[in-house]
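Any read-out appearing in this document is the output of simple, stated calculations on the displayed coordinates, not a laboratory observation. Values in this document were obtained by computation on a predicted structure and should not be read as measured data. Here the Cβ positions follow ideal geometry from the backbone for every residue, glycine too, while neighbour counts run over all protein chains shown.
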Amino acid sequence: MRISFSTAGLYPIESIEALKLVSQSGFSEAELMPQCYHEITESFAIKARKNLKEMGTPLRVSSIHFPLVFFSTFYNMYPGMRKEAERLSEKVATCASIFGTEVIVVHAPDKPKPGDLSEYSETVIHNIRYLCWVCEEMGITVALENNPKTIADTPPHWREAAALIDCPNLKPMLDTTEASEAGIQPIAFVDEAPCAHYHLSDHSGVVKHLLPGEGDQDWPLFFEKNAKNGYRGIYVAEPSYRFVSGNPIENLAKVRRFFDPYLY
């Protein structure tokens, strides 16, 4: 069983320091959420890899979340931004190849609203396809995350979105909290759409992205189902930084212990 922690949960700690904290907490894998332009440069990836190696840590950046700070470019229908989005995809994919990353996470287009132009969806689909094309050459999977605000909010809608994008290395992934926000039990995704990647956090009422194990999710059933399905991908803990930042070392250790009963 492969377990990981997202540096998004350690914002605003600088990413290299966040990766070090993840490693020191007993994780051997991490998901990187770049937070600025520098963190999608080759020099950053080389420096981060060197720093981790010098620590004697086996930590691997096995997945990267397409940076939220660049969503205004990647999900933008202005014609001049398309080339900018393509360059961003190339940079993220190049960093991923330096790290030996297996998975890059993206979001689907937002659900259309009255008055929206068709160019929005067409542009985002092109951008996701372009990322897939670049990543396919590097053997990297692009994981399309479920989200209640997007056209990939449910398993059937995810399949429709994937068919629309139509790239062989585009695979489904589940964020457990986002499923709950859409009014769907996360286990429904496990049953209906075999996933290639997972973001794990807990949910309770209106409170989202809690530390795994501190909400209402049925984790024993979730892990049991995945074990029976033969899932061999990565489980990435992705709680909100709001629930981690007060005492990051203690909370990282708590999340690491959460996985112990389910290790196989």
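Key figures for this structure:
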read-out: Share, in percent, of DSSP beta bridges within the stretch 119-253 that are antiparallel, nearest 5; value: 25
read-out: Of the trypsin sites (Lys or Arg not before Pro) in the stretch 45-92, those whose Cβ has at most 15 other Cβ within 10 Å and which sit in DSSP loop; value: none
read-out: Neighbour-limited loop hits for chymotrypsin sites (Phe, Trp or Tyr not before Pro), the stretch 88-135 (at most 15 other Cβ within 10 Å; DSSP other than H, G, I, E, B); value: none
read-out: The stretch 30-137: GluC sites (Glu not before Pro) falling in loop per DSSP and having at most 12 other Cβ within 10 Å; value: none
read-out: Full-extension gain in nm, F71 to D260, via 0.36 nm per residue minus C-alpha separation; value: 64.6 nm
read-out: The stretch 2-262: relative contact order as a whole-number percent, Cα under 8 Å and 6+ apart; value: 19
read-out: Entries in K149/K171; K20/K149; K111/K254; K208/K254; K20/K111 that, when Cα-Cα distance is taken, lie over 28 Å; value: K20/K149; K111/K254; K20/K111
read-out: The chain: projected area of the alpha-carbon convex hull, averaged over directions, in nm²; value: 13.4
read-out: Residue order, fewest to most beta carbons within 10 Å, for H38, H199; value: H38, H199
read-out: Dipole of the stretch 2-262, positive direction: furthest Cα of A163, N147, Y130, with charges on the beta-carbon; value: Y130
read-out: Size of electric dipole in the chain: Cβ of Lys, Arg +1 and of Asp, Glu -1, about Cα centre, debye, nearest 20; value: 620
